Amino acid sequence: MCIYIITDDVFFFTGLKSIMRQRIGDEYIHLHSDNIFSFLKGKVPGSEDVFIIASECLSLNLMVLLYLKNFLAKLLVAENKTNRALYHYLPSAVIKSNATAVDILTMINLDEIKHRHSMFDKITERERVILLYTLKGISVRSIKSVMKISIKTIYSHRKNGLSKLGVRSLMDLLPE
């Protein structure tokens with residue numbers, strides 16, 4: 001199992017890693033808010049993996065990217081003002097500000113994390129795939145070839161998906 005800890009605080013990562021070393025066989029990967037997007041472009045974490053998000057620099061961009069990639073990993077989100085959207089809209093467990101390392105270990109060992117209904121539940125599979133292809137920079141003509149649908153249909157699915165996410169353009173989804 002990989003445990004990805006997204007934080008800009010090196011001391012938090014080091015402390016959490018040293019406390020969790022009792023879990024034999026786990027790999028701990030430190031990700032920063034500035035490299036999480038490039039990391040997620042190339043890797044799809046598995047259902048056995050865990051993401052601990054303890055950064056205040058993340059926003060709707062990460063939430064959308066995780067959803068569009070069919071994010072299966074367990075998601076633990078530290079409670080703070082800027083992450084509120086993450087733990088309200090994605091299936092996740094909230095790490096309270098007064099949580100101990102034992103609390104975090106317990107959350108990691110939970111078999112299931114409750115799914116909260118989100119704005120993403122409304123997006124169809126085709127809209128999700130087209131938005132993901134578009135965010136990866138794949139041209140409309142290439143999407144047309146792969147999905148065997150018309151260009152007009154691609155634009156329609158993209159427009160509908162963006163509307164359901166509450167954004168007007170693709171630029172609103174790109175990392176700042």
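Within the set of pairs 6 or more residues apart or between chains, which connect a residue that is on the phi < 0 side of the Ramachandran plot and of a type outside the set (A, V, I, L, M) inside region 17-36 to a residue that is assigned to a loop (DSSP other than H, G, I, E, B) and surrounded by 13 or more Cβ atoms within 10 Å (Cβ to Cβ) with Cβ atoms less than 6 Å apart?
Close Cβ pairs satisfying both conditions: Asp26/Met1; His32/Asp8; Ser33/Asp8; Ser33/Ser55; Ser33/Cys57; Ser33/Leu58.
Could you grab me the full set of residues in region 1-44 that are more than 14 Å from Ser55 (Cα to Cα) and in a loop (DSSP other than H, G, I, E, B)?
Across region 1-44, the qualifying residues are Met1, Arg21, Gln22, Arg23, Ile24, Gly25, Asp26, Lys43, Val44.
Considering region 139-176 alone, what residues qualify as being open to solvent by 60 Å² or more (accessible area, probe 1.4 Å), without any contact (Cβ under 8 Å) to a residue 24 or more places away in the chain and more than 23 Å from Asp34 (Cβ to Cβ)?
Matches in region 139-176: Arg141, Lys144, Ser145, Val146, Lys148, Lys152, Tyr155, Lys159, Ser163, Arg168.
Being modelled with pLDDT under 75 and either in contact with a helix residue (DSSP H, G or I) (Cβ under 6 Å, 6 or more places away or on another chain) or closer than 22 Å to Asp49 by Cβ (or both), is that true of even one residue in region 118-132?
Yes, that holds for at least one residue.
Across region 20-38, which residue is nearest to Tyr4 (Cα to Cα) among those that are open to solvent by 40 Å² or more (accessible area, probe 1.4 Å) and at pLDDT below 80?
Applying the filter and picking the extreme gives Asn35.
The values are calculated or read from the model by the stated rules, or taken from the named source; none is laboratory data. Note that this is a predicted model, so its numbers are computed, not measured. So basically every Cβ, Gly included, is an ideal-geometry build from the backbone, and we count neighbours across all protein chains shown. Surface accessibility is based on the protein's heavy atoms, side chains included, excluding ligands, DNA and RNA. Shrake-Rupley method; radii C 1.70, N 1.55, O 1.52, S 1.80 Å.
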